[in-house]
Amino acid sequence: MAEKITAVKGMNDIFPAESAAWEWLEAELRELMTRYSYRNVRTPIVEPTALFVRGLGEVTDIVEKEMYSFEDRLNGEALTLRPENTAGVVRAIVEHSLLYDGGKRLYYMGPMFRHERPQRGRYRQFHQFGAEALGFAGPDVDAELILMACDLWKGLGLTGVKLEINSLGQPAERQQHRQALIAYFEAHADQLDEDALRRLHTNPLRILDTKNPAMQVLVNEAPRLMDHLGEESLAHFNGLRAILDANGIAYTVNTRLVRGMDYYNLSVFEFVTDQLGSQGTVCAGGRYDGLIGQIGGKPAPAVGWALGMERILELLKAGKLLPAPPAPDVFAVVPDAAAWPAVSQVLRVLRQQGLKVQMHAGGFDGRGSMKSQFKKADGSGARYALVFGQDELAQGMVSVKALRATDEQSTEVAQKQLPLADANLWAQTLAN
Ligand code: ATP
Ligand code: MG
């Protein structure tokens, strides 16, 4: 036998036992987006590497060590599998001048790629769902996005997802804070790890994002950006807080929240849970007013968030909040292969009527005993078995047998014969 080929490490296959939950969550998300008037955008999975280097910032975890970048063999172009989708959305908006007639509310979903150490809640191909509001400057739209996420947790039945917010101010305020940070970290250089030392003069703010436990005390006592914010930035932040307060949304102000990409300014936020071990951030986002200009567009404000589908699904599973996977309405039991031409016509009618139908399959010689077919019918989760016996078929009839306890009590269809010719009609009975 040839050697097996396995999936790339950290990249998962998703089979029906799980994909039903994925499809359900995706539908819930689409429905939520429709209620908030956000519309779907789909951008390529491969983008020019320069988009992320320029968009996310050179001194970020993603650009420094997590991107799947490669050279196109045919023309030498530098390409990258998208590690996130905001830069791609902004590229698309700019390229097609979509903001010419006003702001846009968009959402996306799909696979993202980061070369990280695979572990629970952290994969190399993972899936994000994100919402972006482009062309709007006020804190009202920041609040809209946060409320939308809160509605999602509520709708899904997730409790224990906590909101943290912060303001990163504007570049000039960050510059001031940066000087203060550098001075502080220089004075404590002996406590910095290798990453921090490297970033001390290139991106000291990112040091605050460290996951190194040994540096937590140092980082906790570092100068706070909040103390360097000017009047306008504070007004924006307070505007957001006022709307959250009015809606009874609980949050904590986490002055250490900085986010992993360089493009953020003003409001940033994360939704975190303690139910997922160390991968506790389920949704994160913020304002990125500088990004559109950075990607070559006419400067315009923007704000958005992205959530990790795998992490949300894990929470839903742990909380037993996932719906039962879909089962067929009817399972066709066919004792004799000779009946197949007649049976196939009836099953088509049922499917055209919207019923979910599973047929026993196995080729013309391997139809299986009645016993094994009924076992399969039970295992399928179907509500009814349709038994296409030869004698009944000859009389133009088919037997319906209820497979589930609740249906067995209903006299309507408990165990009866239905006329084949009326499949259109009785399909409705079975659908209810
Ligand atoms: P983390 O701090 O966990 O690395 P991040 O700041 O890199 O997260 P973002 O880039 O903001 O994450 O992505 C938004 C969300 O996408 C995260 O909150 C998380 O739920 C999810 N996510 C990010 N990276 C991964 C990954 N490698 N595997 C699974 N989900 C991920
Ligand atoms: Mg990360």
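The values are calculated or read from the model by the stated rules, or taken from the named source; none is laboratory data. Small disclaimer: the values here were computed from a predicted structure and weren't measured. Because the Cβ atoms are built from the backbone with ideal geometry, glycine has one as well, and the counts that use them run over all protein chains shown. These accessible areas exclude ligands, DNA and RNA; they are computed on the full protein's heavy atoms, side chains included. Shrake-Rupley method; radii C 1.70, N 1.55, O 1.52, S 1.80 Å.
Brief remarks follow.
- Added length on full extension, which subtracts the Cα-Cα distance from 0.36 nm per residue, R42 to E77: 10.4 nm
- Pair N212, Q352: separation of 7 Å Cα→Cβ label points (nm): 7.0 nm
- Surface listing: R120, R39 arranged by accessible area from highest to lowest gives R39, R120, probe 1.4 Å.
- Dipole magnitude (debye, nearest 20) for the stretch 330-431, charges at Cβ of Lys, Arg, Asp, Glu: 340 debye
- Candidates E310, E77, E392, ranked by Gaussian network fluctuation over the chain, Cα under 10 Å, top entry: E392
- Considering only Cα atoms, the convex hull volume of the chain works out to 218 Å³ per residue.
- Prolate/oblate/rounded label for the stretch 271-357 (Cα gyration tensor, a/c 1.5): oblate
- log₁₀ of I(q)/I(0) at q = 0.11 Å⁻¹ - the stretch 330-431, Debye sum with one point per alpha carbon: -0.28
- The share of accessible area on the chain that comes from carbon and sulfur is 52 percent, using a 1.4 angstrom probe.
- Most positive-pole-ward Cα, G290, P16, P301, against dipole of the chain from beta carbon charges: P16
- Based on protein heavy atoms only, the stretch 145-295 ends up with 44 Å² per residue of surface accessible to a 1.4 Å probe.
- Solvent accessible area, Å² - D289, 1.4 Å probe, full protein context: 40 Å²
- Choice from G286, G102, G297 with maximal GNM fluctuation in the chain (Cα, 10 Å cutoff): G102
- The heavy atoms of D422 present about 70 square angstrom of accessible area, all protein chains included, probe 1.4 Å.
- Residue-level accessible surface for E186, protein heavy atoms, 1.4 Å, Å²: 90 Å²
- Karplus (6.51, -1.76, 1.60) ³J(HN,Hα), θ = phi - 60°, over the stretch 394-402, in Hz, Gly and Pro reported as x: 4, 8, x, 10, 9, 8, 10, 10, 6
- On a per residue basis, the stretch 330-431 carries 53 Å² of accessible surface, using protein heavy atoms and a 1.4 Å probe.
- The mean accessible area for residues of the stretch 10-118, using a 1.4 Å probe and ignoring ligands and nucleic acids, is 54 Å² per residue.
- When you count the other C-beta atoms within 10 angstrom of each residue and take the mean per peptide, 17-26, 210-219, 255-264 line up highest first as 255-264, 17-26, 210-219.
- The R256 and S97 beta-carbon pair, evaluated with R₀ = 30 Å, returns a calculated FRET efficiency of approximately 0.20.
- Phi-based couplings in Hz for the stretch 11-20 (Karplus 6.51, -1.76, 1.60; Gly and Pro marked x): 10, 10, 8, 10, 9, x, 4, 9, 5, 4
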